[in-house]
Amino acid sequence: MYEQTPLQAQPQAPKTSNQGVLIGIAVALLLCCCCMIASTFVLLTLLGPSVNNVFSTINEGLLTPSAPDIEDIPSIPEIPESPQGYSDLIPQGGLGDEVLRTDTWAYVMAASAMSGCLATDASKTTIEVLQEPDSAGIWKEKWTVTCDDNTQQSFDVTFSPSAQGGTNIDVTSSK
């Protein structure tokens, strides 16, 4: 018969630690960062004046209209203003100022185009105040445009103060 002997404990291998590897990686990364910072500092110190000189030469030579051997840079032409300002480009009337009427005109032209009416002549557009500003500052106007086929189409425009400042513009087709 066989004798049973108690199992003997096998010696375990010592646990290895990754601490040395991690410290080595951290030191390597730190050295790389230091080298990059030092090399950047050296490059900027050596090349900085040269780069600055190049940019100042470009500024003096190319961007200054009176530089030798370079034709003067043409100026941007001014848009001639008609005697009444830009009033021929936006409809006149209503309660809004020129900026608000310009914004509203864009909305009205878009709404008219979506309904099949090409309205581009501001001088043929009339503005009628339907409701004076109420206590909340809301007012309504009726904008009537002349389409490209000489028919007319009207739009109700509601102006209301915006919470962000300015004015909200709501354009709907008149019934």
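Just so it is clear, none of the values below were taken in a lab; they were calculated from the coordinates. Keep in mind it's a predicted model, so treat the numbers as computed, not measured. Cβ: placed from backbone, ideal geometry, glycine included. Neighbour counts: every protein chain shown.
When the Kirkwood radius is taken over all Cα pairs of region 122-175, what Stokes-Einstein diffusion coefficient follows at 20 °C and 1.002 mPa s, in µm²/s?
My calculation gives 177 µm²/s for D.
Under 15 Å from the Cβ of Pro161, count the other residues' Cβ atoms, weight Lys and Arg +1, Asp and Glu -1, and hand me the total.
Within the 15 Å Cβ shell, the charges total -4.
So if I place +1 on the C-beta of Lys and Arg and -1 on the C-beta of Asp and Glu, and nothing else carries charge, what would the dipole magnitude of region 98-173 be about its Cα centre? I want it in debye, nearest 20.
Charge dipole of region 98-173: 40 debye, to the nearest 20.
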